[in-house]
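Bear in mind that the values in this text are calculations on the coordinates, not laboratory data. Predicted, not measured: the structure shown is a model, and the values here were computed from it. Neighbour counts are summed over all protein chains in view; Cβ atoms, including those assigned to glycine, are modelled from backbone coordinates with ideal geometry.
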Amino acid sequence: MPIYDYACRRCGEMFELLVLKNTVLECPSCHGKDLEQQLVTDFAVSSESTRQSHLQKARERHKNSKDVKDKRVAEAEEIREHAQE
Ligand SMILES: [Zn+2]
C-alpha cells in the first residue's frame with residue numbers, strides 16, 4: 001500500500017498518510033494542504049529498520065514458545081515418571 005511521509009509547511013507536523021485515489025492530502029493537525037512529501041529513501045530506511053525489529057520480535061516469540069514447549073515436555077516427563085512409581 002502506498003504510505004507516504006509528509007511534512008506540513010504550515011505547522012511543521014510530520015505524518016504518514018496512506019494515499020489512495022480519493023485521499024485528500026491534508027495535515028491532520030491544522031488541516032492545511034501545503035504539504036511536502038518526504039524523500040522515499042527515508043521511508044525505505046525506516047521500513048528496513050521496522051522489518052528488522054519485527055524479525056527480532058518474531059525470533060523472541062519463537063524462543064519464548066520453545067521455552068513453553070520445553071516446559072510442557074518437562075512436565076509431561078515428570079508426570080510419566082510419577083505414573084511409573
Ligand atoms: Zn499542519
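Details
- Taking amide hydrogens as placed 1.01 Å from N in the peptide plane, the amide H of residue 38 sits under 5 Å from those of 5, 6, 7, each at least 5 positions away in sequence or on another chain.
- Distance between the modelled labels on residue 53 and residue 29, one decimal in nanometres: 2.0 nm (7 Å Cα→Cβ projection).
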